[in-house]
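Working notes, structure below.
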Amino acid sequence: MDLHGIGPSSAARLLADTGDIHRFRDRDRFASWNGTAPLDASSGDQQRHRLSRAGNRKINRVLHIMAIVQLRNHTPVRVYYDSRRADGKTSMEALRALKRRLSNVVYARMLLDQRRHEWAGPGGQSGTTLDSSATGSNRHTDTSDKPHPRPDNQINAAPSPTS
């Protein structure tokens with residue numbers, strides 16, 4: 001949710017649909033899966049690309065919303081979009097290029113978060129283990145942890161078996 005334009009529901013959608021980010025070999029495979037990888041639609045001398053209609057449409061929508069939110073504000077994404085428009089791209093071509101770029105950003109962030117999670121350990125924090133301190137994983141026994149013998153007067157006060 002630290003990425004500009006990703007809210008709680010979008011982050012949940014990304015995590016739920018993507019699952020393990022390591023299942024994608026690289027960012028190109030991730031872009032192909034989410035439908036932001038451009039498809040060649042050239043004909044003759046005209047070189048052009050179009051947006052793929054394949055892929056996960058829900059994730060594609062998350063990236064679209066992320067792009068629109070960032071375009072509304074003065075962000076580096078807005079500068080990128082404006083430079084694409086200045087290069088002669090149509091607004092839809094510039095938006096397609098922007099969504100692909102955001103797909104790369106999301107992929108890199110998910111990889112980083114996954115590595116952080118794997119490094120952190122099972123408890124979610126670095127240095128944690130699966131051993132519970134409640135089960136006595138600390139094997140050093142201090143003198144105060146040992147049971148105390150009963151006082152002598154309780155030993156003598158015990159009833160005798162003959163009475």
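Structure summary
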read-out	value
Ascending count of other beta-carbon atoms within 10 Å, so fewest first, for SER83, SER43, SER32, SER103	SER43, SER83, SER32, SER103
Other-chain or far-sequence residues with amide H under 5 Å of GLY35's (modelled H)	ASN56
Karplus (6.51, -1.76, 1.60) ³J(HN,Hα), θ = phi - 60°, over the range 100-107, in Hz, Gly and Pro reported as x	5, 5, 5, 4, 5, 5, 5, 4
Sorted by Cβ density within 10 Å, fewest first, the residues VAL106, VAL79	VAL79, VAL106
Residue-by-residue Karplus 3J(HN,Hα) for the range 78-89, coefficients 6.51, -1.76, 1.60, Hz, glycine and proline x	5, 5, 4, 4, 5, 5, 5, 5, 5, 6, x, 6
Trypsin sites (Lys or Arg not before Pro) restricted to the range 31-82 and DSSP loop, no more than 16 other C-beta within 10 Å	ARG48, ARG53
Theoretical FRET efficiency, 1/(1+(r/R0)^6), r = Cβ-Cβ of MET92 and SER9, R0 35 Å, to 0.05	0.85
Sequence of MET110, MET1 once ranked by neighbouring C-beta atoms within 10 Å, starting from the fewest	MET1, MET110
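Read-outs: derived from the displayed coordinates by stated rules, not from any lab. Since we're looking at a predicted model, the values are computed, not measured. Neighbour counts run over all protein chains shown; Cβ positions are idealised from the backbone, glycine included.
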